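The values are calculated or read from the model by the stated rules, or taken from the named source; none is laboratory data. Keep in mind it's a predicted model, so treat the numbers as computed, not measured. When we count neighbours, we look across all protein chains shown, and the Cβ atoms used for this are built from the backbone with ideal geometry, even at glycine.
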């Protein structure tokens, strides 16, 4: 077992608020993540308490004596820059990416535009706002297509269309969750995920996890509740492929300005083994089925140590300097 946690003194963190729950469609998953993080921090002697921003205003954190915040919220109003901005105003250091990177990464369309401009491979896509545009995307991009809610995660608002007859229903399913829907070319091949810890040039990738879901359908049920999905870590990829994918993910992470930790999802096209970036999650799941703890474990970092590492990197985007200057 990795003993990196010995480098941290729990007293140095002060009083820590673990934010979980929230108002997004991923509330249920966030509650599971936050409870595990809270138990882990307390198990290492951290003075931590749980806080659900759906049940009380964030400004109460100050009155409760919070000195640092571990964000275990997923989706909107937690992973999209809004909570990060509020914590900036309250002057409370928080885990994960800052306001801009969080806002970019939650928006799949903006993320893909930035990656495309940076020359990073991502599947072809169109942003669609109605059925007519969805049908036009199917003609332009070809089938099969994946329709995604542009601002959701955990495979919520995700549907596949293999035939023209399925396009309307697939679009409608995604549009239930978001008025902005992404139509994305479907990549046939291996599905992998890559977690990153750190910031800037010091950021490093954890071992890849290869996902084998029943029928290739890695949906909400198979992601969080089913034991039928297989996870391979080490990913058992051809020689040199994992290093190339890790490099691609690190470039995508830095391009967005992410910090602290995140997880990228990737498809490897079967015909030529080319990897394609799908999305970046800046507040990944920390449940019993989650992939970042799995990758960390393969790197010799247990769950409690992982939580401490993430917490130790908590900071503000706009921390005041001596003399009143701002960074």
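Matching residues to (1) under 17 Å from the mean Cα position of the chain (by Cα); (2) farther than 30 Å from residue 178 by Cβ; (3) assigned by TED's automatic domain parsing to the domain that holds residue 260; (4) not in a helix (DSSP H, G or I):
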{"residue": "21", "(1), (2), (3), (4)": "yes, no, no, yes"}
{"residue": "25", "(1), (2), (3), (4)": "yes, no, no, yes"}
{"residue": "29", "(1), (2), (3), (4)": "yes, no, no, no"}
{"residue": "35", "(1), (2), (3), (4)": "no, no, no, no"}
{"residue": "45", "(1), (2), (3), (4)": "no, yes, no, yes"}
{"residue": "55", "(1), (2), (3), (4)": "no, no, no, yes"}
{"residue": "62", "(1), (2), (3), (4)": "no, yes, no, no"}
{"residue": "66", "(1), (2), (3), (4)": "no, yes, no, yes"}
query = Could you give every pair whose Cβ atoms fall below 7 Å, whose first residue belongs to the stretch 298-316 and is closer than 10 Å to residue 94 by Cα, and whose second residue is modelled with pLDDT under 95, counting only separations of at least 6 or pairs across chains?
reply = 312/8
query = Does the stretch 181-214 hold any residues that are over 21 Å from residue 232 (Cβ atoms) and surrounded by 17 or more Cβ atoms within 10 Å (Cβ to Cβ), and which are they?
reply = 181, 182, 183, 184, 185, 198, 199, 203
Filter pass, residue 80 being surrounded by 20 or more Cβ atoms within 10 Å (Cβ to Cβ) and more than 13 Å from residue 16 (Cβ to Cβ) = yes
message = Among the listed residues 119, 96, identify the single one that is in a loop (DSSP other than H, G, I, E, B) and surrounded by fewer than 18 Cβ atoms within 10 Å (Cβ to Cβ).
response = 119
message = Can you pull out every residue in the stretch 217-265 that is modelled with pLDDT of 95 or more, farther than 18 Å from residue 296 by Cβ and assigned to a helix (DSSP H, G or I)?
response = 241, 243, 244, 247, 248, 251, 252, 254, 255, 256
request  = Answer yes if at least one residue in the stretch 298-310 is within 26 Å of residue 108 (Cα to Cα), surrounded by fewer than 20 Cβ atoms within 10 Å (Cβ to Cβ) and out of contact with any helix residue (DSSP H, G or I) (no Cβ under 6 Å at 6 or more places or on another chain), and no otherwise.
outcome  = no
ask   = Looking at residue 149, is it in the same structural domain as residue 279 (by TED's automatic domain parsing) and closer than 19 Å to residue 279 by Cβ?
value = no
query = Among 64, 31, 58, which is without any contact (Cβ under 8 Å) to a residue 40 or more places away in the chain, out of contact with any strand residue (DSSP E or B) (no Cβ under 6 Å at 6 or more places or on another chain) and more than 25 Å from residue 303 (Cα to Cα)?
reply = 58
Residue selected from the stretch 250-261 under the condition in contact with a strand residue (DSSP E or B) (Cβ under 9 Å, 6 or more places away or on another chain) and either more than 14 Å from residue 202 (Cβ to Cβ) or not assigned by TED's automatic domain parsing to the domain that holds residue 115 (or both), by the criterion surrounded by the most Cβ atoms within 10 Å (Cβ to Cβ) = 252
